Every structure is written in structure tokens, then in C-alpha cells.
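Following: one structure in C-alpha cells, then a few remarks.
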Amino acid sequence: MQKNMLYPESMLAKIRFRVEAWLFRHGFSNPAARFLLAVQILSVVVLIFSGLLLCWYTQWLLWVGLGAAVAVSNFYLVAQKLQSFFPSGFSRGNVVGMLLGFYLRLFITAIILFVFIAWLKAPIPALLIGLSLSAGTAVIFGLTKLHLLKSKEA
């Protein structure tokens with residue numbers, strides 16, 4: 001029996017499908033980018049929600065979720081910019097705009113991390129684990145796609 005991917009059956013798949021539909025409505029036409037971003041967004045929501053539920057015991061998980069939220073928001077903005085960047089071609093204005101956006105996001109990320117670490121006394125290992133969420137899911141996603149490629153034998 002073949003699974004129907006257009007109408008997922010499990011609750012988690014239905015939630016991911018709704019997030020992907022929202023991303024599609026917001027300009028993410030690439031299905032691989034939509035899937036990866038949906039998984040990352042759902043991971044952030046689960047981490048922050050779990051952190052809020054367990055904050056009476058430890059705030060560590062909440063800081064992991066907040067670090068992941070910073071990383072995923074950066075990934076969201078980069079993916080959004082790249083999708084609008086390539087169809088219009090390479091021009092000096094596009095490249096300058098991309099660089100300015102990159103450095104603005106980097107500056108805002110630095111301010112957020114400074115506030116988390118210096119003022120709110122966030123545990124640095126928890127933030128680092130959260131910040132690595134988007135890179136980690138991208139690597140896992142890439143490895144699964146690489147595994148699924150069919151090799152042709154001579």
C-alpha cells in the first residue's frame with residue numbers, strides 16, 4: 001500500500017503539512033527548503049514549549065529553544081532572500097543588498113546573544129546547542145537525500 005503524501009495521516013505529519021502550506025503561501029516554492037524549514041520551525045516550537053513546561057525544574061531546555069529560534073529565524077530569512085535573489089539574476093544591487101542583509105542579520109544576532117548571555121545569564125552550552133539546530137537538521141536532511149540518490153553502475 002502506497003502512502004498518500006498529499007494528505008498525511010499522522011498528527012505530526014498534518015501539522016508539518018500545515019506549516020509547509022503556510023511557508024508556500026509566503027513564497028517558499030522549493031519543496032526541499034519548505035520541508036527543512038518546517039521541521040526546524042516545529043523543532044523550535046517543541047523545544048520552547050518543553051522548556052516552558054519544565055522551567056520550574058531547569059531553564060536549560062528553554063535556552064536551547066531560544067538559541068534554536070535565533071538560528072532558525074536567520075535560516076528563514078536567508079532562504080527567503082535566496083529564493084527571491086536567484087530568479088532575478090545577478091546584479092550589483094542584488095549582491096550589495098544580500099551582503100547588507102547578511103551583516104544586518106549578523107549584527108542583530110550578536111545583540112540578541114549579548115542580551116541572552118550578559119543580561120539574562122543564559123547558559124552558553126545551551127545556546128550553542130540551540131544555535132546548531134539549523135545546521136544539524138540541514139546536515140541530516142542532506143545526508144538522507146544523498147542516501148536516497150540511486151547510483152548507476154556501469
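A short reminder: the numbers here are calculations on the coordinates, not readings from a lab. Just so you know, these numbers come straight off a predicted model, no measurement behind them. All Cβ positions, glycine included, derive from the backbone under ideal geometry; neighbour counts span all protein chains shown.
Can you sort Ile41, Ile124 so the residue with the fewest Cβ neighbours within 10 Å comes first?
Details: Ile41 21, Ile124 12.
Ascending number of Cβ neighbours within 10 Å: Ile124, Ile41.
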(request) Go through the stretch 10-27 residue by residue and turn each phi into a ³J(HN,Hα) via Karplus (6.51, -1.76, 1.60, θ = phi - 60°); whole Hz please, and just put x for glycine and proline. (result) 6, 5, 5, 5, 5, 5, 4, 4, 5, 5, 5, 5, 4, 5, 4, 5, 9, x
(message) Please list, in order along the stretch 68-79, the HN-Hα scalar couplings obtained from phi with the Karplus expression 6.51 cos²θ - 1.76 cosθ + 1.60 (θ = phi - 60°), rounded to whole Hz, x for Gly and Pro.
(response) 5, 5, 5, 5, 5, 5, 5, 4, 4, 5, 5, 5
(request) Using every pair of alpha-carbon atoms in the stretch 29-142, split the distances into 5 Å bins beginning at 0 and state the percent of pairs per bin, rounded to integers. (result) 2, 11, 18, 20, 18, 14, 8, 5, 2, 1, 0
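Hey, can you rank 111-117, 33-39 by average C-beta count inside 10 Å, highest first?
Working: 111-117: 14.0, 33-39: 19.9.
Descending packing order for the listed peptides: 33-39, 111-117.
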(request) Convert each backbone phi in the stretch 113-128 into a coupling constant with the Karplus relation 6.51 cos²θ - 1.76 cosθ + 1.60 (shift: θ = phi - 60°), then list the ³J(HN,Hα) values in order as whole Hz, x for Gly and Pro. (result) 5, 4, 4, 4, 7, 6, 8, 9, 6, 6, x, 4, x, 5, 5, 5
(request) Using label points projected 7 Å from each Cα along Cα→Cβ, tell me how many nm separate Trp119 and Met98, to one decimal. (result) 3.4
(message) 7 Å from Cα along Cα→Cβ at both Trp22 and Thr109: what's the point-to-point distance in nm?
(response) 2.2
